[in-house]
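What follows is a set of notes on a single structure, which appears directly below.
The values are calculated or read from the model by the stated rules, or taken from the named source; none is laboratory data. Source: prediction; values computed, not measured. So basically every Cβ, Gly included, is an ideal-geometry build from the backbone, and we count neighbours across all protein chains shown.
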Amino acid sequence: MDVKKLKQDIITYSQEIGIDKIGFASADPFETLKQRLIRQQKLGYQSGFEEPDIEKRTNPSLLLPEAKSIIAIALAYPSKMKNAPRSTKDERRGLFCRASWGRDYHHILRERLHQLEEFLLNKVPEAKVKSMVDTGELADRAVAERAGIGWSGKNCAIITPEFGSYVYLGEMITNIPFPPDTPIEDQCGTCNKCVEACPTGALVQGGQLDSNKCIAFLTQTKGFLRDEYRTKIGNRLYGCDTCQLVCPENKGKDFHLHLEMEPDPEIAKPKLRPLLAISNREFKEKFGHVAGSWRGKKPIQRNAIIALAHYKDRTALPDLIMIMHKDPRPVIRGTAAWAIGKIGDRSALVELEKAKETEKNEEVLGEILKGIQLLKE
């Protein structure tokens, strides 16, 4: 088998099917990453969404025993929205991060990887392959870095020379020993803009993230948010782009190469108040195809309430009062009570006092008391 020719054939085919960048790496264990992950675990910096088994995250041969190399792919996504609707005083809007614009990238990348698999197996029927995207065991960034897709930036994203950090990543482990590509040298240098701009200080230092403080993670949780984070979220409904927006490597980078990644402005930047009353069915119909819907409507609704409090949107008070009295979910009831305290005036005090008399949940009661205190102040 002419492995060099096969590699070139795969590169050519990848371009034909809309893969924006491809790289090849050895399937040796990721020893440096392993030590970093052990340290992250000890410090309690992991989010809980990642694969818990560090060995699986760092040793490709545990996922494919015959592993010899890994093919890494990247697809560029847009950073600017055409015809973005404005948030007005009468119609406040929330925002999904750029990685959740357009169709769910997990599906897009899996389809591309499946096409690559078929191409490779057609050429080499005895080849062994295993592909994954984001939720797979391997650390996408470590693979992409080794394969020369880009360098691992201080913002904990892979930064490519061509597309900045606005790329989705995926990889395929195989038993074919492809010649590896050369990693790109770190080009962040002394720049520390992302670390300094992080709203919650989640970037502890360049390249080290405390996931539990990261707004992108916090917007996906389902419980009550700590007060200090509520004031930082702003109008974000899902994810956070701050560390990408301030990155000099992303300046002027905006690629519209894939139609399925183009955002629908009414989904990527939706009106907040209609989200409060949306049913499960309506939520699935409207938002089900985007990555930001994976945790269901509850975190999005909680974040919408926080966003309305951020805007001090008095038009939302009747909705929030009804939610505080009637919603069966403690987190939504309690967050609404807190928001009423942030937005309302003395007239809303009556409703909070009324809720205090009937509420049985201790956590919700705590939020009602916070709301009362805010109004009295």
Exercise for review: Given the conditions (1) crowded, with 19+ Cβ neighbours inside 10 Å; (2) free of Cβ contacts under 8 Å to residues at least 60 places away in the same chain; (3) of a type in the set (Gly, Ala, Ser), report the number of the one that Ala304 does not fulfil.
Suggested key: (2)
Revision key, fill the gap. Of the candidates Phe283, Phe287, the one satisfying the condition of being in contact with a Gly (Cβ under 9 Å, 6 or more places away or on another chain), free of Cβ contacts under 8 Å to residues at least 40 places away in the same chain and closer than 23 Å to Asn235 by Cβ is Phe283
Practice item. Considering each residue of the range 72-102, count those that are outside any loop (DSSP other than H, G, I, E, B) and either closer than 21 Å to Leu272 by Cβ or of a type in the set (Ser, Thr, Tyr) (or both), and give that number. Key: 6
Practice item. Being farther than 14 Å from Leu64 by Cβ and either under 20 Å from the mean Cα position of the chain (by Cα) or hydroxyl-bearing (Ser, Thr, Tyr) (or both) is the filter here, so list the residues in the range 112-148 that pass it. Key: Val133, Asp134, Thr135, Ala139, Asp140, Arg141, Ala142, Ala144, Glu145
Check your understanding: Looking at (1) touching a Cys at 6+ places or on another chain (Cβ under 7 Å); (2) buried (at least 20 other Cβ atoms within 10 Å of the Cβ), which is the one condition that is false for Pro248?
Key -> (2)
Check your understanding: Out of (1) surrounded by fewer than 19 Cβ atoms within 10 Å (Cβ to Cβ); (2) among the polar types (S, T, N, Q); (3) closer than 24 Å to Thr160 by Cβ, the odd one out for Thr58 is which?
Key -> (1)
Review point. Out of contact with any Lys or Arg (no Cβ under 6 Å at 6 or more places or on another chain), assigned to a helix (DSSP H, G or I), at pLDDT 95 or above and under 16 Å from Val364 (Cα atoms), is that true of Ala336?
Key: yes
Check your understanding: From the list Lys286, Lys269, Lys253, which residue is within 29 Å of Val195 (Cα to Cα) and in contact with an Asp or Glu (Cβ under 9 Å, 6 or more places away or on another chain)?
Key -> Lys253
Practice item. Give the residues of the range 139-155 that are part of a loop (DSSP other than H, G, I, E, B) and modelled with pLDDT of 95 or more, sorted by residue number. Key: Ala147, Gly148, Ile149, Gly150, Gly153, Lys154, Asn155
Study note, to complete from the structure: Within the range 15-49, residues being part of a helix (DSSP H, G or I), under 21 Å from Val133 (Cβ atoms) and out of contact with any Lys or Arg (no Cβ under 8 Å at 6 or more places or on another chain) number 2
Check your understanding: Ser131: surrounded by 17 or more Cβ atoms within 10 Å (Cβ to Cβ), in a strand (DSSP E or B) and among the polar types (S, T, N, Q), yes or no?
Key -> yes
Exercise for review: Have a look at Gly201, Gly189 and point out the one that is within 22 Å of Tyr45 (Cβ to Cβ) and without any contact (Cβ under 8 Å) to a residue 24 or more places away in the chain.
Suggested key: Gly201
